[in-house]
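Asks: Below you'll find the structure I mean.
The values are calculated or read from the model by the stated rules, or taken from the named source; none is laboratory data. Since the model is a prediction, treat every value here as computed from it, not as a measurement. Positions of Cβ are backbone-derived with ideal geometry, glycine not excepted, and every protein chain shown enters the neighbour counts. When the accessible area is computed, the model is the full protein with side chains, heavy atoms only, and any ligands, DNA or RNA have been set aside. Shrake-Rupley method; radii C 1.70, N 1.55, O 1.52, S 1.80 Å.
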Amino acid sequence: MSAGTESLLVGADGVLPLPWLAGPLTHALAQPGHALLVVGAPGAGALELQMTLAQAWLCEARPAGAPLAPPCGRCAACRLVQARTHADLRILLPESQRVARGWEAAGEGGEAGEGRRKPSRWIRIAEVRDAIAWTSTTTARSRAKVLLLHPGEALQGEAASALLKTLEEPPPGTRIVLSCGDPERLLPTVRSRCQRVRLAAPAADQAVDWLAARGVPDPAVLLAAADGGPLDALALHEAGVDAAAWGELPRALAQGRPQVWSGWPLPRALDAMHKLCHDLMVVAAGGAPRYFPAEALGAAPAIASAVAIESLGRWADVLVQVRGRAEHPWNEALLIESLVAQGRDALVRLRA
Ligand SMILES: [Zn+2]
């Protein structure tokens with residue numbers, strides 16, 4: 001979902017491309033532990049912070065043994081991290097994330113003959129074991145060895161357990177940085193072995209300015225659509241969803257036009273419907289919408305009927321169920337058509 005990370009690391013100018021990482025970066029660099037857990041707000045740039053940390057740990061501009069500092073962005077090590085080719089950096093991301101970031105094509109690295117399977121959302125145990133073996137080899141450039149895992153939620157069962165011993169007692173010079181949105185979704189034993197670094201979404205003003213500087217029109221609308229996560233707002237923009245297209249979704253639902261979602265990846269379409277359902281419920285209860293401009297949602301009835309609220313609630317339940325089964329081989333066009341029909345039904349009752 002996020003934009004390519006390459007452009008969002010410290011480059012030759014030494015400037016942090018995501019200015020709101022400065023505080024968390026300083027905090028993280030001051031941690032004495034060898035294992036960090038970045039707890040990031042969605043779309044705030046957890047992976048970018050992890051990569052910047054790797055860059056700082058491996059940066060060769062700072063004399064060996066000197067206190068850690070933000071990366072210079074210019075030395076050979078910093079450039080190798082930018083290119084993700086530093087021999088002392090191992091990055092474990094699930095295939096779905098590598099594909100979404102354009103780091104590889106879908107199906108690459110998967111077993112042959114699997115056909116059109118969906119890219120995995122999990123970090124495989126074989127990759128974890130391989131990375132653990134790698135941590136005990138000697139460094140290539142002698143600063144440190146950095147193992148980066150993103151997101152921690154993609155480490156399940158055996159893959160998470162396999163990491164425990166290394167998290168507790170990594171080989172000398174090894175640093176491990178995990179990330180997650182919700183620490184409660186990690187194994188308690190993984191959580192407890194890491195020092196936490198919190199990464200909050202930037203203030204709306206700062207995020208809007210940052211998006212505007214990157215050429216995003218109507219940044220405030222897309223920022224609300226992305227629930228305040230600037231990288232998710234940028235990803236929407238880069239996927240061709242502009243403020244007008246976002247504002248059109250409530251009308252498309254009311255008119256039963258599933259075509260407006262055609263070409264959207266299923267998770268993004270589900271996310272948009274979920275946000276629409278949320279806002280319709282809030283507006284029906286007399287509140288202010290969170291994700292959509294109020295005028296796009298249309299006038300709310302003075303009193304929403306219990307039947308209408310119940311109907312919206314059923315739609316929400318179905319959306320949650322479908323989202324939880326993202327790897328099911330859905331016929332996506334039919335699924336979206338059916339979800340739009342249910343949403344429309346709820347909306348008709350709401351406006352009756
Ligand atoms: Zn450097």
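Asks: Can you give the calculated 222 nm mean residue ellipticity of the chain, where each DSSP H run of n ≥ 4 adds -39,500 (n - 2.57) and the sum is split over every residue, rounded to the nearest 500 deg cm²/dmol?
Replies: Working: 15 runs with 161 residues, N = 352.
One gets -13500 deg cm²/dmol as the mean residue ellipticity at 222 nm.
Asks: While we're looking at this one, here's another question. If you count, for each residue, the other Cβ atoms within 10 Å and average over each peptide, how do 245-253, 143-151 line up from highest to lowest?
Replies: Working: 245-253: 19.1, 143-151: 23.8.
The packing order, highest mean first, is 143-151, 245-253.
Asks: Once you have a ≥ b ≥ c as the square roots of the Cα gyration tensor eigenvalues for the chain, tell me rounded if a/c is under 1.5, and otherwise prolate or oblate according to whether a/b is larger than b/c.
Replies: Numbers: a/c = 2.25, a/b = 1.78, b/c = 1.26.
Prolate shape, in that a/c is at least 1.5 and a/b is the bigger ratio.
Asks: Something else: Ranking request for peptides 48-57, 339-348: highest mean number of other beta-carbon atoms within 10 Å first, then the rest in descending order.
Replies: Going by the mean number of other Cβ atoms within 10 Å, highest first, we get 48-57, 339-348.
Asks: Pairing the Cα long axis of helix 46-58 with the longest principal axis of the chain, what angle in degrees results, from 0 to 90 and rounded to the nearest 10?
Replies: Around 10 degrees separate the two axes.
Asks: Another question, then. Would you work out what percent of the accessible area of the chain, with all protein chains in place, is carbon or sulfur (probe 1.4 Å)?
Replies: Numbers: 8820 of 16040 Å².
Whole-percent figure for carbon plus sulfur exposure: 55.
Asks: What translational D, rounded to a whole number of µm²/s, comes out for the stretch 206-317 from Stokes-Einstein when the hydrodynamic radius is the Kirkwood one over Cα pairs, at 25 °C and 0.890 mPa s?
Replies: Working: Rh = 14.6 Å.
Answer, rounded: 168 µm²/s.
Asks: Round to the nearest 10 and give me the degree value, 0 to 90, for the angle of helix 243-254's Cα axis relative to the longest principal axis of the chain.
Replies: Approximately 40 degrees, to the nearest ten.
Asks: Let me ask you something else. For the Cα atoms of the chain, what angle does the longest principal axis make with the long axis of helix 125-135, in degrees from 0 to 90, nearest 10?
Replies: For helix 125-135, the angle is close to 30 degrees.
Asks: Can you list the lysines whose alpha carbon is less than 25 Å from that of K165, not counting same-chain residues fewer than 8 positions off?
Replies: The qualifying lysines are K145.
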